[in-house]
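Written below as structure tokens is the structure these notes are about.
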Amino acid sequence: MAELCSSIGVEGRTFAYMDFDVGGHREQLSRASAFVAATDSRYGWSSKDLQFLGGSELRRVPAMYAVDHDWAHRGPIATSPPLCGCRVVVELFTDAAPLAV
């Protein structure tokens, strides 16, 4: 699954990028983030945001998810970004292709 994002400009140059979800990793990361936000008071997370959890809390998230009756059936989760880059960045040359922007 790929998601085309809007173009970005840097020093007069225009770029476009596509994010690829290899193996459903972004979906799994999103599911883990939603789990932490929904169960922060139940499991005593230090934050509702997955990015701000400490190392020991991050290691506990998959175990708590696996035994949670409301969430475990929703599919696998991931608590860290993918190891490889999943973004393709392309420079757009507006002088050669003005409709590319």
Original post:
Taking segment 22-52 as the search range and keeping residues that are open to solvent by less than 40 Å² (accessible area, probe 1.4 Å) and of a type in the set (Ser, Thr, Tyr), which one is nearest to Tyr65 (Cα to Cα)?
Top reply: Thr39
Subject >> Condition broken by Leu92, with the remaining ones in (1) open to solvent by less than 50 Å² (accessible area, probe 1.4 Å); (2) in contact with a helix residue (DSSP H, G or I) (Cβ under 7 Å, 6 or more places away or on another chain); (3) closer than 23 Å to His25 by Cβ satisfied >> reply: (3)
Subject >> Conditions (1) surrounded by 15 or more Cβ atoms within 10 Å (Cβ to Cβ); (2) at pLDDT below 90; number of the one not met by Met1 >> reply: (1)
Original post:
Which of the residues belonging to segment 53-97 are farther than 25 Å from Val22 by Cβ and of a type in the set (Ser, Thr, Tyr)?
Top reply: Ser56, Thr94
Original post:
So which residues in segment 61-72 are part of a helix (DSSP H, G or I) and surrounded by fewer than 16 Cβ atoms within 10 Å (Cβ to Cβ), if there are any at all?
Top reply: Pro62, Ala63, Ala66, Val67, Ala72
**OP:** Of the numbered conditions (1) within 20 Å of the chain's Cα centre (by Cα); (2) open to solvent by 80 Å² or more (accessible area, probe 1.4 Å), Leu99 fails exactly one; give the number of that condition.
**Re:** (1)
**OP:** Quick one: which residue in Gly44, Gly75, Gly54 is without any contact (Cβ under 8 Å) to a residue 12 or more places away in the chain and on the phi > 0 side of the Ramachandran plot?
**Re:** Gly44
**OP:** Go through the residues of segment 78-91 one by one and say whether even a single one is of a type outside the set (Val, Ile, Thr) and on the phi > 0 side of the Ramachandran plot.
**Re:** no
Original post:
Only one of (1) in a loop (DSSP other than H, G, I, E, B); (2) of a type in the set (S, T, N, Q); (3) under 20 Å from the mean Cα position of the chain (by Cα) is not met by Gln51, so which one is it?
Top reply: (1)
Original post:
Filtering segment 10-21 down to residues that are of a type in the set (A, V, I, L, M, F, W, C) and open to solvent by 50 Å² or more (accessible area, probe 1.4 Å), which residue is nearest to Ile77 (Cα to Cα)?
Top reply: Phe20
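Quick check: anything in segment 6-16 in contact with a Cys (Cβ under 6 Å, 6 or more places away or on another chain), outside any helix (DSSP H, G or I) and either within 23 Å of Ala97 (Cβ to Cβ) or at pLDDT 95 or above (or both)?
The first filter runs over segment 6-16 and keeps only residues in contact with a Cys (Cβ under 6 Å, 6 or more places away or on another chain), leaving none.
No, segment 6-16 contains no residue that is in contact with a Cys (Cβ under 6 Å, 6 or more places away or on another chain), outside any helix (DSSP H, G or I) and either within 23 Å of Ala97 (Cβ to Cβ) or at pLDDT 95 or above (or both).
The values are calculated or read from the model by the stated rules, or taken from the named source; none is laboratory data. If you're wondering where the values come from, they're calculated on a predicted model, not measured in any experiment. Every residue, glycine among them, receives a Cβ derived from its backbone with ideal geometry; neighbour counts consider all protein chains shown. Accessible surface is based on the protein model in full, side chains and every heavy atom, while ligands, DNA and RNA are left aside. Shrake-Rupley method; radii C 1.70, N 1.55, O 1.52, S 1.80 Å.
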